[in-house]
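K.L.:
Sharing a structure with you now.
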Amino acid sequence: QQHYNNEQRRNYLLIAREYYRDFHHLCEVYKLAKPLATNLNRIANPVTESGREEKMAKARAKRALEKKLEVLEKRDDIDEEVQREIYLSSVNLWVMRCEDELYSINTELPLLEHMEKMRKGEVAPLKVPKIKAVKPFILVKSEQQKRVFGAGYPSLPTMTLDEYYNKELKRIVEEQNNAEKPGPEPDDPDEETEEGLAKARAWDEWKDTHKRGWGNRHNRS
């Protein structure tokens, strides 16, 4: 049933996208809309800082058009000029809505396709990383609040903003120092071999110059 819903949803989105594209292309022909980038979506084209500002400006313009239309349609003296302004404002508003819908559709379609591949076993599901549990504590603004909340919740540690900042700063500095600290140098196998050979050579020379039992007074004949 879930597979059917996903497939049906995908088909509906493809049909809706074609209608939205036709409408937008017609508006482009009549110079009522600027050419739109193909397959623009949130995944392939993440929102940047400039894009976020542009999106906010577009939302403000959309609200302004909606208010303008509401005022114009309530007028009693709607002549040809006002009627023309209503039509143009309505088209501009729907161009904005059309672009938003195309952006949402192009974002959802790859997700549905990925879910279908997961269902068929073509791709592995995303693994959610395990998050280390953090012990709860109360974060307060001042020492006075620390005393108040600490008395009310004796089982939970209480820290001020400054204490929390200093604690995190200390942790970060310690991690950086540990990362920069060089580890123990590995032993040089060649060095060990040379030392061992030198000791063995010295032992052989000592045996050559000192006969067995030399220096042992009890074994002298």
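K.L.:
Which pairs in the list Lys31/Lys68; Lys58/Lys117; Lys34/Lys62; Lys31/Lys74 are over 24 Å apart, alpha-carbon to alpha-carbon?
P.N.:
Lys58/Lys117; Lys31/Lys74
K.L.:
Here is a further query. Search the structure for amide H atoms under 5 Å from the amide H of Ala33, placed 1.01 Å from N in the peptide plane, and list their residues when 5 or more places away or on another chain.
P.N.:
Distant-sequence amide H within range of Ala33: Glu28.
Every number here is computed from the coordinates shown, using simple stated rules; none is lab data. Keep in mind that this is a model prediction, so the values were computed, not measured.
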